[in-house]
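Participant: For reference, the structure I am asking about is given below.
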Amino acid sequence: MKILWVKANKLLPVTSGGDIRSYNLVRQLSRTHELTFFSYYDGKPDSAYERELARLMPGAICVCSRRNDSTGARAVRYIFHLAEKAPFAVSRFESSGVRQRLRDCLRQRKFDIAVCDFLDAVVNFPARLSVPGVLFQHNVETEIWRRHAATEQNPAARLVYQLEFKKMRAYEKQAVGRFDHVICVSEHDRQLMSTWVAPSRITVVPTGVDLERYRPDGTPQKSLRDIVFTGAMDWEANVDAVEYFCRQIWPLVLAAVPDAKFRIVGRNPGARVRKLASDSVEVTGSVPSVVEYLQRAAVVVVPLRIGGGTRLKIYEAMATGSAVVSTSVGAEGLDVEAGRNIILENEPRNFAHAVTLLLRDGALRRRYEQAAAELAARYDWCSIAQEFAAVLQTVAARERPDAAYQVAGVDQPVAHGTSGSEQTLSR
């Protein structure tokens, strides 16, 4: 099978949850299929990135949009974008150069199927696609913006989130309907999108984990007072999570276990995260590997209140044999069983009690550790990629009513029968 895989933003270094998922799937699929990875990014041309990508994925195509994507420039663009219908989170990736290069690639090469990785990449897909198209939804963006709007305390920021939520809801509903098929990562996300398109057009392929990397090497030496959170600390959902934990949960844990230590492990911590550091809270910033922190942790916490998709950090922690306490949002969409391989608590006091109980009760903690490791062992990336490939092969083999299937057209009719929710995408 000849696959064209299109992704916005640099894939390397592989740090964020979405990049980890994309990287592992692409690498696995490349072993048994002819996959062309199409990567485009903002800023100055990065020859080091392009060389490394070419080494890992021979035949990869890289396009630099050359647009200045600094925080200041992005803020200015957002102000000018306020009156537009499309959400800024998607339209900021729009590039005529990228669109032309992608169109040429599709014209010059014969692919069996094209994968649009994340909603971000939809904006640069050709108006008409001559091969079957699959949208890979790592999360439902509308749900993320809804949760941002619901939890934001700053009135001005809340207004921005509410505006972007409304724009994203209209955009994503129509974008999902543009593709032959949608792959998502959880049944929860499938149910959300099933209000927009027929459920038969959506398949769940779960999140995986790199078992070789995270599986404990022998018996790791646990630090019986270490609580760990891992994640990119320039991602708002993670920033909100550690702020919430430090302000509402951590004082209750310390009251019960005064010598406990909370370690926030992740790249690019901003001022909001750095100011959480104290005698009992360590902010590590980037580390060579999070594995050793997970392996040493007595408890891994996932106190997320916003976000979408599924959290790779939970399966990674479980693969290291760590006990996990999470909110329901944090574990959303994962094949976990509360009370057996994970503890789920949404109230600060109950969350703190669960963490304290695991710190104090070694036998209970070991039962959770063993059950967690057994669950993670079922989700190796090799098996997950096989499920993904099976969906692509099924979609590629279908007879299409119109080979010029419209994917992201502007004010043009849909090529084959659709419902009212699948009308032309406007931006």
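The values are calculated or read from the model by the stated rules, or taken from the named source; none is laboratory data. Keep in mind that what you see is a predicted model, and the values were worked out from it rather than measured. Note that each Cβ is placed from the backbone with ideal geometry, even for glycine, and that neighbours are counted across all protein chains shown.
Participant: Show the residue pairs meeting these rules: Cβ distance below 8 Å; 6+ apart or different chains; first residue within the stretch 378-396 and part of a loop (DSSP other than H, G, I, E, B); second residue crowded, with 18+ Cβ neighbours inside 10 Å and not acidic (Asp, Glu).
Facilitator: Close Cβ pairs (under 8 Å, with a partner that is crowded, with 18+ Cβ neighbours inside 10 Å and not acidic (Asp, Glu)) amount to 379/206; 379/207; 379/208; 379/209; 379/315.
Participant: Cβ-Cβ under 8 Å, sequence separation 6+ or interchain: first residue in the stretch 44-58 and in a helix (DSSP H, G or I), partner of a type in the set (Ser, Thr, Tyr). Which pairs?
Facilitator: From residues that are in a helix (DSSP H, G or I), the pairs are 49/41; 53/39.
Residues checked against (1) within 30 Å of residue 392 (Cβ to Cβ); (2) loosely packed, with under 15 Cβ neighbours inside 10 Å; (3) not β-branched (Val, Ile, Thr):
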| residue | (1), (2), (3) |
| --- | --- |
| 203 | yes, no, no |
| 242 | no, no, no |
| 247 | no, yes, yes |
| 257 | no, no, no |
| 288 | no, yes, yes |
| 298 | no, no, yes |
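Participant: Taking the stretch 297-329 only, how many residues are closer than 21 Å to residue 384 by Cα and either touching a residue at least 60 places away in the same chain (Cβ under 8 Å) or in contact with a Pro (Cβ under 9 Å, 6 or more places away or on another chain) (or both)?
Facilitator: Result for the stretch 297-329: 13.
Participant: Just name the residue that is nearest to residue 391 (Cα to Cα) out of those in the stretch 156-204 that are touching a strand residue (DSSP E or B) at 6+ places or on another chain (Cβ under 8 Å) and of a type in the set (Lys, Arg).
Facilitator: Filtering first and then ranking leaves 201.
Participant: Take residue 234 and tell me if it is more than 24 Å from residue 18 (Cα to Cα) and either modelled with pLDDT under 95 or crowded, with 17+ Cβ neighbours inside 10 Å (or both).
Facilitator: no
Participant: Still on this structure: Can you pull out every residue in the stretch 207-231 that is modelled with pLDDT of 95 or more and among the acidic types (Asp, Glu)?
Facilitator: 226
Participant: Given 111, 93, which one is under 23 Å from the mean Cα position of the chain (by Cα), farther than 14 Å from residue 179 by Cα and of a type in the set (Phe, Trp, Tyr)?
Facilitator: Working: 111 fails: under 23 Å from the mean Cα position of the chain (by Cα).
One residue alone meets the criteria, 93.
Participant: Okay, moving on. Kindly check whether there is at least one residue in the stretch 146-166 that is in the same structural domain as residue 392 (by TED's automatic domain parsing), in contact with a Pro (Cβ under 7 Å, 6 or more places away or on another chain) and in a helix (DSSP H, G or I).
Facilitator: yes
Participant: Among the residues of the stretch 357-378, is there at least one that is under 30 Å from residue 145 (Cβ atoms), surrounded by fewer than 20 Cβ atoms within 10 Å (Cβ to Cβ) and either in the same structural domain as residue 136 (by TED's automatic domain parsing) or in contact with a helix residue (DSSP H, G or I) (Cβ under 8 Å, 6 or more places away or on another chain) (or both)?
Facilitator: Among the residues of the stretch 357-378, not one is under 30 Å from residue 145 (Cβ atoms), surrounded by fewer than 20 Cβ atoms within 10 Å (Cβ to Cβ) and either in the same structural domain as residue 136 (by TED's automatic domain parsing) or in contact with a helix residue (DSSP H, G or I) (Cβ under 8 Å, 6 or more places away or on another chain) (or both), which makes the answer no.
Participant: Does residue 204 meet the test of being in contact with an Asp or Glu (Cβ under 6 Å, 6 or more places away or on another chain), closer than 27 Å to residue 294 by Cβ, at pLDDT 90 or above and not aromatic (Phe, Trp, Tyr)?
Facilitator: When the stated conditions are applied, residue 204 passes them.
Participant: When the stretch 196-238 is examined, which residues are found to be touching a residue at least 12 places away in the same chain (Cβ under 8 Å) and among the hydroxyl-bearing types (Ser, Thr, Tyr)?
Facilitator: Hits for the stretch 196-238 are 203, 207, 214, 223, 230.
Participant: I've got another one for you. Of all residues in the stretch 128-145 being of a type outside the set (A, V, I, L, M, F, W, C) and part of a loop (DSSP other than H, G, I, E, B), which is surrounded by the fewest Cβ atoms within 10 Å (Cβ to Cβ)?
Facilitator: Of all residues in the stretch 128-145, those of a type outside the set (A, V, I, L, M, F, W, C) come to 128, 130, 132-133, 137-139, 141-143.
Right, trim to part of a loop (DSSP other than H, G, I, E, B) and you get 130, 132, 138-139.
Values: 130: 16, 132: 22, 138: 24, 139: 24.
Across the stretch 128-145, the extreme among qualifying residues is 130.
Participant: A further question follows. In the stretch 262-275, how many residues are surrounded by 14 or more Cβ atoms within 10 Å (Cβ to Cβ) and either without any contact (Cβ under 8 Å) to a residue 12 or more places away in the chain or under 21 Å from residue 354 (Cβ atoms) (or both)?
Facilitator: Total satisfying the criteria: 4.
Participant: If you go through the stretch 381-396 one residue at a time, how many are surrounded by 14 or more Cβ atoms within 10 Å (Cβ to Cβ) and either touching an Asp or Glu at 6+ places or on another chain (Cβ under 8 Å) or aliphatic (A, V, I, L, M) (or both)?
Facilitator: 8
Participant: Take the stretch 95-127 and flag every residue that is within 29 Å of residue 186 (Cα to Cα) and either of a type in the set (Phe, Trp, Tyr) or surrounded by fewer than 18 Cβ atoms within 10 Å (Cβ to Cβ) (or both).
Facilitator: Hits for the stretch 95-127 are 111, 112, 118, 125, 127.
Participant: Which ones in the stretch 120-153 are modelled with pLDDT of 90 or more and out of contact with any Phe, Trp or Tyr (no Cβ under 8 Å at 6 or more places or on another chain)?
Facilitator: 122, 125, 139, 140, 141, 143 - these are the residues of the stretch 120-153 that are modelled with pLDDT of 90 or more and out of contact with any Phe, Trp or Tyr (no Cβ under 8 Å at 6 or more places or on another chain).
Participant: Let me ask something else. Given 275, 313, which one is modelled with pLDDT under 95, of a type in the set (D, E, K, R) and not assigned by TED's automatic domain parsing to the domain that holds residue 145? Let's see the steps before the verdict.
Facilitator: On the way: 275 fails: modelled with pLDDT under 95.
Selected residue: 313, the only one of 275, 313 that is modelled with pLDDT under 95, of a type in the set (D, E, K, R) and not assigned by TED's automatic domain parsing to the domain that holds residue 145.
Participant: Here is a follow-up. Looking only at the stretch 341-351, count every residue that is under 16 Å from residue 245 (Cα atoms) and within 27 Å of the chain's Cα centre (by Cα) and tell me the total.
Facilitator: 7
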